[in-house]
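Data block below; observations after.
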Amino acid sequence: MRVEFEVLGPVTARDADSGRPIALKGPRHRAVLARLLVARRRVVPVPRLVADLWEDDAPPAGAVPALRTFVAALRRALEPDRPPRAPARLLITEGPGYALRTGPDTVDAWRFETALTDATTPAALDAALALWHGPAYADFPEASWARTERSRLGELRLQAVERRAALLLDRGRAAEAVPDLDAHAAEHPWREDGWRLLALALYRTGRQGEALAVLRRARALLVEQLGVDPGPALRRLEADILAQAGHLEGTAGRVEQVWERTAAAYDRAVGGGSRVRLESTVGLLRELAVTGGGGLEAARDQRTAAVAAAEELGDPDLTARVIGAYDVPAIWTRVDDPEHAARVVASAERTLAALPPDAHPAARARLLATVAVESRGTRSARGPRAAGEAVRLARELGDAPLLAFALNGLFMQSCRGSGLAGRREEIGAELVTLGERHALPSYGILGRLIRLQARCARADFAGADAQAAAAERLAERYDRPLVGVFTQWYGALRLAETGTVAQAEAAYRAAADGLPDAGMPGLAAGLLPLALLGLRMRHGLSPEPEPEPEEGPATAAPGAAYRAADWGPYAPWTRPLLLLARNRRAEAATALRTLPPPPYDLLYEAMWCLTARAAALLGDRETLARARAELAPAAGELAGAGSGLLTLGPVAAYL
């Protein structure tokens, strides 16, 4: 049984798999547990525990035996399946006292602190704040041993509320921030930053009078109750509001004004010029795509419409420009929307066939690069040929942006077998050089991420760290939020290879939390359970997955995502192992015999390693021979690590 603890409210323990609370008997038992949680895995000596448990009264003569009784009862509750006389694994005796050696992801307060450190969006802070169900250690409001921790956690929570509001203001969502800030300022009237943010939010929603009233209310409270004047930040804000200072609109407000004025000027200049509008629309879609999330999904949807509209005009040159202008760097070798990709490829092929002989080679190269990028992950021979031709044309033309686009297509077609990390490293290095020499930051970032993947494949984590850091610096400078998705998953992969199972699992789950908002379903589908499967196999916990649930929906408890039936596109390669875990050997053998070859993507080696594992357990020598032949070129690599996301351990171990 895996146990989770809650201290952001009443102190409780839960069975993580079922979500049911664990009975902790009386208040002294709960106090022992809370005191050990406050110690954060450190040993608390027995005399200290006794003094804290009876801090209001002199400890009774039998205090130490009573404490041992409380500890024994807690051990039975927290580890009900522990055999008699077996040493405790959770609440342990060490030296002069006791310690609760629970994992870093099992205590809600510890998860809150981690989330607060990593949070860069209002949604992430919402998730962190949702962990709170009352004051920290609510059962022990007067306990001196809990006072410092209660105060520290409470301060962190208030900072999170204010940080969330500041992020909403930065994103031009001032109206959303007002209700929570109003309540926050009323509940904590001495926090000047709360008043400042509330006044600024009101001003940005056009409520100038209310903003000034808030600042005057803050002044009255501070002067009358504390005898102090407002600090310089509040005084400066009041003066700026009275002067209607332009900077109060914030970046979002100024950008909105620039956008509106530019759009109006564009409408006046272009009028009904549909051809110009189509080409400029694709430029906007390209910029929208790199924002990630809803922007990426919207760009993908509107791109299809733009291409269809261009084809209807019957101008192959225009259609080639519309298709080829969408040169958004792509790092994941599986498409998010196969139907959309197939339509784009079909349009590009039709346009290639319709281009006149004197068409500029750059138009042809961009169409070929598009075919290469959008046909990634398939077994069609057309993709590699298109990529090679696009690179050749771009080199002949000496066109750096075109060459970067073509190299992206070449990268997408570079997974047609195992052991190709070195080739991808070369492509990444050239993209980095192009990005630096020709001011192509998006392709510079792409090159860094490709090199990160290649270094991971060869277990060069120092090199991968350097690439991750460089990619993050560029992402921060050029506002490319999707980069963080990949570097966070890389951090989890690194822990899977160098850290503990608990650390890696927590990191994978945290990374997976950001996937729904990334706008990349082709990346998200099935990734977390596959990563957790790789983690178990890598650390020798069990080569097979845990049994699938017989019935009922998966819960949100740890391990549930791993056991859930939805393995996304990886289902065929995990199914034989799942069936073997449930002793359904005949079905597993059938599933293995009918297994298709893996798609040509960054998890090619990982899928073959899963196949090899199942074949070994079933004694299927024919499949083993095939798997060995496919994996042999990758003997020096880590299976799956070329994705930069997960690992199943050294390929050599499977060979």
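The values are calculated or read from the model by the stated rules, or taken from the named source; none is laboratory data. The shown structure was predicted, so the numbers you read here are calculated from the model rather than taken from an experiment. Because the Cβ atoms are built from the backbone with ideal geometry, glycine has one as well, and the counts that use them run over all protein chains shown. Accessible surface areas use protein heavy atoms only, side chains included; no ligands, DNA or RNA. Shrake-Rupley method; radii C 1.70, N 1.55, O 1.52, S 1.80 Å.
Restricting to region 14-38, name every residue that is among the acidic types (Asp, Glu) and modelled with pLDDT of 90 or more.
As a first pass, look at region 14-38 and keep what is among the acidic types (Asp, Glu): 15, 17.
Scanning region 14-38 gives a single hit, ASP15.
Name the single residue that is modelled with the lowest pLDDT among those in region 39-55 being in a loop (DSSP other than H, G, I, E, B) and closer than 23 Å to ARG152 by Cα. Explain how you work it out, then say what you get.
Filtering region 39-55 for residues in a loop (DSSP other than H, G, I, E, B) gives 39-43, 54-55.
Filter once more, so that each one left must be closer than 23 Å to ARG152 by Cα: 39-43, 55.
Details: ALA39: 94, ARG40: 93, ARG41: 92, ARG42: 94, VAL43: 94, GLU55: 83.
Among residues in region 39-55 that are in a loop (DSSP other than H, G, I, E, B) and closer than 23 Å to ARG152 by Cα, the one modelled with the lowest pLDDT is GLU55.
Identify, from the list THR351, THR378, THR370, the residue that is among the polar types (S, T, N, Q) and over 35 Å from the mean Cα position of the chain (by Cα).
Working: THR378 fails: over 35 Å from the mean Cα position of the chain (by Cα); THR370 fails: over 35 Å from the mean Cα position of the chain (by Cα).
Selected residue: THR351, the only one of THR351, THR378, THR370 that is among the polar types (S, T, N, Q) and over 35 Å from the mean Cα position of the chain (by Cα).
What number of residues in region 175-210 are part of a helix (DSSP H, G or I) and either open to solvent by 50 Å² or more (accessible area, probe 1.4 Å) or of a type in the set (Val, Ile, Thr) (or both)? Don't jump to the end; show me each part of the working.
Taking region 175-210 as the starting set, the residues that turn out to be part of a helix (DSSP H, G or I) are 175-187, 192-204, 208-210.
Adding the requirement that they be either open to solvent by 50 Å² or more (accessible area, probe 1.4 Å) or of a type in the set (Val, Ile, Thr) (or both) leaves 175-176, 178-180, 182-183, 186-187, 192-193, 196, 204, 208-210.
Total satisfying the criteria: 16.
This table checks each residue for (1) open to solvent by 60 Å² or more (accessible area, probe 1.4 Å); (2) in contact with a helix residue (DSSP H, G or I) (Cβ under 6 Å, 6 or more places away or on another chain).
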site	(1), (2)
HIS438	yes, yes
SER442	no, no
CYS456	no, yes
ASP460	no, no
ALA466	no, no
PRO481	yes, no
VAL485	no, no
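Matching residues to (1) outside any helix (DSSP H, G or I); (2) within 30 Å of PRO596 (Cβ to Cβ); (3) open to solvent by less than 10 Å² (accessible area, probe 1.4 Å):
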site	(1), (2), (3)
ARG366	no, no, no
VAL371	no, yes, yes
ARG379	yes, yes, no
PRO384	no, yes, no
LEU393	no, no, no
GLY422	no, yes, no
ALA429	no, no, no
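Considering only region 5-13, I want to know if a residue exists there that is at pLDDT 95 or above, charged (D, E, K, R) and surrounded by 14 or more Cβ atoms within 10 Å (Cβ to Cβ).
yes
With respect to PRO558, is the statement that it is at pLDDT below 95 and in a loop (DSSP other than H, G, I, E, B) true? Quick ask: steps written out before the conclusion?
On the way: at pLDDT below 95: yes; in a loop (DSSP other than H, G, I, E, B): yes.
Taking the combined requirement at face value, the residue satisfies it.
If PRO650 satisfies all but one of (1) closer than 28 Å to GLN488 by Cβ; (2) open to solvent by 10 Å² or more (accessible area, probe 1.4 Å); (3) in contact with a Pro (Cβ under 9 Å, 6 or more places away or on another chain), what's the number of the condition it fails?
(3)
Looking at region 156-205 only, could you name the residues that are among the small types (Gly, Ala, Ser) and touching a residue at least 24 places away in the same chain (Cβ under 8 Å)?
Selection gives ALA160, ALA165, ALA166, GLY172, ALA174, ALA175, ALA177, ALA185, GLY194, ALA199, ALA201.
From the list ARG20, ARG2, ARG14, exactly one residue is in contact (Cβ under 8 Å) with a residue 12 or more places away in the chain and among the basic types (Lys, Arg). Which is it?
Numbers: ARG20 fails: in contact (Cβ under 8 Å) with a residue 12 or more places away in the chain; ARG14 fails: in contact (Cβ under 8 Å) with a residue 12 or more places away in the chain.
Going through ARG20, ARG2, ARG14 in turn, just one is in contact (Cβ under 8 Å) with a residue 12 or more places away in the chain and among the basic types (Lys, Arg): ARG2.
Report, by residue number, each residue of region 222-241 that is closer than 25 Å to ARG157 by Cβ, assigned to a helix (DSSP H, G or I) and either touching a helix residue (DSSP H, G or I) at 6+ places or on another chain (Cβ under 7 Å) or open to solvent by less than 50 Å² (accessible area, probe 1.4 Å) (or both). Spell out the reasoning first.
Here is the first cut: in region 222-241, the ones closer than 25 Å to ARG157 by Cβ are 222, 225-226, 228, 230-231, 233-234, 237.
Still in the list and also assigned to a helix (DSSP H, G or I): 222, 225-226, 233-234, 237.
Passing the criteria: LEU222, ALA233, LEU234, LEU237.
Report, ordered by the first and then the second residue, all pairs with beta carbons closer than 7 Å, sequence separation of six or more or different chains, a first member in region 577-591 that is open to solvent by 30 Å² or more (accessible area, probe 1.4 Å), and a second member that is in a helix (DSSP H, G or I).
As it stands, the answer is ARG585/LEU618; GLU587/LEU579, since those pairs meet every condition given.
Take region 64-87 and flag every residue that is surrounded by fewer than 16 Cβ atoms within 10 Å (Cβ to Cβ) and not in a helix (DSSP H, G or I).
Of everything in region 64-87, those that are surrounded by fewer than 16 Cβ atoms within 10 Å (Cβ to Cβ) and not in a helix (DSSP H, G or I) turn out to be PRO80, ASP81, ARG82, PRO83, PRO84, ARG85, ALA86, PRO87.
Could you look through region 88-122, keep only residues that are open to solvent by 50 Å² or more (accessible area, probe 1.4 Å) and under 19 Å from the mean Cα position of the chain (by Cα), and pick out the one that is nearest to LEU37 (Cα to Cα)? Step through it out loud before you land on a result.
Restricting attention to region 88-122, the residues satisfying the condition of being open to solvent by 50 Å² or more (accessible area, probe 1.4 Å) are 89, 93-96, 101, 104, 111, 114, 117-118, 120-121.
If we keep only those that are under 19 Å from the mean Cα position of the chain (by Cα) too, we end up with 104, 111, 114, 117-118, 120-121.
Values: PRO104: 11, ARG111: 13, THR114: 16, THR117: 20, ASP118: 23, THR120: 28, THR121: 29 Å.
Here the answer is PRO104.
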